[in-house]
Amino acid sequence: MKLRLEQISRAFDGFHALDGVSLQVEGIHSLVLVGPSGGGKSTLLRILAGLETPDSGILEINGERLGNDEPSLLKHRRKVGVVFQSFNLFPHLSALENITLPLTVVQKKDAESAQQLAQGLLERFELAGHAEKKPAALSGGQRQRVAIARALATQPSLLILDEPTSALDPSMTAEVLDTIELLRQQGRDFILATHEMNFARRVADRIALVCGGKIAEVADPASFFETPKSDAARAFLARFTPNQTATTRLSAARSPDKNGFPQ
Ligand SMILES: Nc1ncnc2c1ncn2[C@@H]1O[C@H](COP(=O)(O)OP(=O)(O)OP(=O)(O)O)[C@@H](O)[C@H]1O
Ligand SMILES: [Mg+2]
């Protein structure tokens, strides 16, 4: 993927959630956003997904500049697959129907080829036995895998995942992380935000630290975790110890101190 963000800002009621974010990456498959709670990761992901518009700044994805008008945003959204932490699936539809819906409605595929494609995806994510189940009858991990399968069904050029495991308990987290690792091995382009540092390190081609509405550091994972350059990165990483569990890290990251860093 190729990304160019120039001075992206977004305020909510006068509060600068993003305050001049600039970033340029090229020739990578995965960009992972990390940082303290409230730092601006989700806001940035929503803007990258075309679900929200910046107040100012320039955003280019794979050489195409994203416009702020509704038709451009709609066109962009069709090229992007999105997985957020919880609200993903339609509760009244089966796993299979959740995947076929965007294919028949958005892509106007006929029912039979949509079914075939969806079945293939369910098999690939080891969900074939769950095709007829509604989301309430699936485990959290299975639900997120269906959501990822659905996001991939339309063959998006970019997948955006916002804390895809944060609503899951640790035993279900592993299977979703494995699924995302599989995407990486397949060379798919994705941008994701996570509080799981071990996972970030494993799947990132590039890490960006988002805090205080800015990107404080962009680096390859080894440099970021072993030789962070910025004070912000050092302060952020100092909050983690190798033996902390994902759950501890998550709750730690959820209650920032007065400087915006996890306690
Ligand atoms: N729709 C909104 N209305 C008002 N404030 C918002 C809105 N969306 C985000 N914010 C604020 O912008 C800041 C950045 O929020 P954002 O959700 O992007 O952070 P984050 O880095 O994703 O945090 P977390 O790690 O907790 O998910 C926060 O202070 C948040 O309260
Ligand atoms: Mg968030």
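Number of residues in the range 157-167 that are within 15 Å of ligand 2 (Cβ to nearest atom), hydrophobic (A, V, I, L, M, F, W, C) and either at positive phi or within 12 Å of the chain's Cα centre (by Cα) (or both) equals 2. Does Ser9 meet the test of being under 20 Å from the mean Cα position of the chain (by Cα) and either closer than 19 Å to Ala200 by Cα or within 16 Å of ligand 2 (Cβ to nearest atom) (or both)? So Ser9 fails the test. Specify which of the listed residues (Arg239, Arg249) is at pLDDT below 95 and assigned to a loop (DSSP other than H, G, I, E, B). Checking each option against the conditions leaves just Arg239. Report whether or not Leu192 is among the hydrophobic types (A, V, I, L, M, F, W, C), at pLDDT 95 or above, surrounded by 13 or more Cβ atoms within 10 Å (Cβ to Cβ) and touching a Gly at 6+ places or on another chain (Cβ under 7 Å). In short, no. The helices (runs of 4 or more DSSP H) found entirely in the range 31-124 that carry 2 or more residues being closer than 23 Å to Leu182 by Cβ and within 16 Å of ligand 1 (Cβ to nearest atom) are 41-48. Evaluated against (1) farther than 29 Å from Asn198 by Cα; (2) more than 21 Å from the chain's Cα centre (by Cα); (3) modelled with pLDDT under 90, Pro102 falls short on exactly one condition, (2).
For the range 16-56, a residue qualifies if it is over 21 Å from Phe224 (Cα atoms) and within 15 Å of ligand 2 (Cβ to nearest atom), and the qualifying residues are Ala17, Leu18, Thr43, Arg46, Ile47, Leu48, Ala49, Leu51, Glu52. Listed by first and then second residue, the pairs with beta-carbon distance under 9 Å, at least 6 apart or on different chains, first residue in the range 189-218 and at positive phi and away from ligand 2 (no atom under 13 Å from the Cβ), second at pLDDT below 95 and not small (Gly, Ala, Ser), are Gly212/Asn259.
Please verify whether the range 76-85 includes one or more residues that are at pLDDT below 95, aromatic (Phe, Trp, Tyr) and loosely packed, with under 15 Cβ neighbours inside 10 Å. No, because not a single residue in the range 76-85 is at pLDDT below 95, aromatic (Phe, Trp, Tyr) and loosely packed, with under 15 Cβ neighbours inside 10 Å.
As a summary of the residue check, Lys133 satisfies the conditions (1) part of a helix (DSSP H, G or I); (2) of a type in the set (Lys, Arg); (3) surrounded by fewer than 19 Cβ atoms within 10 Å (Cβ to Cβ) except for the one numbered (1).
Only residues that are within 13 Å of Ile148 (Cβ to Cβ), over 14 Å from the mean Cα position of the chain (by Cα) and in a loop (DSSP other than H, G, I, E, B) were counted in the range 168-225, giving 2. Any residue in the range 79-108 that is more than 19 Å from Ser166 (Cα to Cα) sitting within a Cβ distance under 9 Å of a residue that is among the β-branched types (Val, Ile, Thr) and at pLDDT below 90? List the pairs, counting only those 6 or more apart or interchain. If the second residue must be among the β-branched types (Val, Ile, Thr) and at pLDDT below 90, the pairs left are Lys79/Thr154; Pro102/Thr154; Leu103/Thr154; Val106/Thr154; Gln107/Thr154.
The values are calculated or read from the model by the stated rules, or taken from the named source; none is laboratory data. Bear in mind that the values here come from a model prediction, so they are computed numbers and not experimental data. Every residue, glycine among them, receives a Cβ derived from its backbone with ideal geometry; neighbour counts consider all protein chains shown.
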